[in-house]
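The values are calculated or read from the model by the stated rules, or taken from the named source; none is laboratory data. Just so we're clear, the structure is a prediction, and the values are computed from it rather than from any experiment. Glycine also receives a Cβ, built like all others from the backbone with ideal geometry; neighbour counts cover every protein chain displayed.
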């Protein structure tokens, strides 16, 4: 049996990129025509011209907050005004073409179409060792949210049988494992650890379980190793309810390989500007899904591109995995400051390569300093001019520190809250 889910995973990178860029203008045109919200957001865009990454980068980033606002406004409308639970983003409607819909915190509602493996999770499960004939113990929640269904549809596409365990009821789950003998676990890593520890305490035999695919929360190497010591090879997936699978871990354990049906950009937080390879930024996804055609969807997650390709032979781009949240908006002296404001200051000064706003001091005594990288520290009054721009943009006073290029950490932080809250 092949080590790969399909031949797409081992394509020449140039062939993959050409295929994605050929599909991109068609998806933009479809989004404009079939999704009222995307048609509004992309109004005036010539879809045929969006055929490369540079062109894509000029389109606006769609934030989850905008999804929520548009959905709330549409749901508040009367039926005569065209009530739409999805805020005009879905290209499908209630009925046979939408077997289910789900709610994420907000609430934000997501549609499910009829395509096999709708969220494309099968690729991640296959990389984690799931094979036809396996029984998968699915411990993601089956209540309102799509997590369990994302993985169940992927497991069915692989050829697995699924036990819909859901969350909680640890003793009953252990009984089912002991009696049904599943080969794989799907769910959060924290709940798998609880199951393993409870099984050890109770003497329950869950030795049939040898592999797992986890998601929904951080999965540190220490926990991965803890599972390995107990005979479990557990891998990480990165997916969201909005766009489905984004990336997945392989046996190489070197970052996460991107899915074959998404276009991923890493952008500077608070902007839509792509960063250099290796620099930490926000994960922005364009998904080639005709039913829910989100273009440049900002996940709010931080990551970075890893150089090279996966040692397993998969040739798609790799990212480092989840490195934190991109929304670093914070309140300073009673006023909100967000990464987009820092980006606006930087754009006013071509001498500035990078910047980081550091908030320090104790509560009720906030101190604000903008640390900027520049190769021209002796430029005429640069620090003073930047300080004036900071006040103009944020309406707050702040010091400016000039630093040589490469001085700031590569962690994706645009705003660092270093205040003492004790």
Helices (runs of 4 or more DSSP H) wholly inside segment 1-101 containing at least 2 residues that are crowded, with 19+ Cβ neighbours inside 10 Å: 13-34, 36-41, 64-76
In this structure, does residue 327 turn out to be modelled with pLDDT under 90, crowded, with 17+ Cβ neighbours inside 10 Å and closer than 30 Å to residue 39 by Cβ? yes
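Conditions tested, residue by residue: (1) within 28 Å of the chain's Cα centre (by Cα); (2) closer than 18 Å to residue 269 by Cβ.
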{"site": "342", "(1), (2)": "yes, yes"}
{"site": "345", "(1), (2)": "yes, yes"}
{"site": "357", "(1), (2)": "yes, yes"}
{"site": "367", "(1), (2)": "no, no"}
{"site": "393", "(1), (2)": "no, yes"}
{"site": "396", "(1), (2)": "no, no"}
{"site": "416", "(1), (2)": "yes, yes"}
Within segment 145-156, is even one residue assigned to a loop (DSSP other than H, G, I, E, B), modelled with pLDDT under 95 and closer than 17 Å to residue 121 by Cβ? yes
Only listed residue being surrounded by fewer than 20 Cβ atoms within 10 Å (Cβ to Cβ) and at pLDDT below 95, chosen from 190, 207: 190
Residue 216 within 26 Å of the chain's Cα centre (by Cα) and either modelled with pLDDT under 95 or within 30 Å of residue 89 (Cα to Cα) (or both): yes
With 245, 223, 209, 213 as the choices, which residue is touching a helix residue (DSSP H, G or I) at 6+ places or on another chain (Cβ under 9 Å), more than 15 Å from residue 151 (Cβ to Cβ) and not in a loop (DSSP other than H, G, I, E, B)? 223
Which listed residue, of 199, 121, 165, is farther than 19 Å from residue 235 by Cα, in contact with a helix residue (DSSP H, G or I) (Cβ under 6 Å, 6 or more places away or on another chain) and crowded, with 23+ Cβ neighbours inside 10 Å: 165
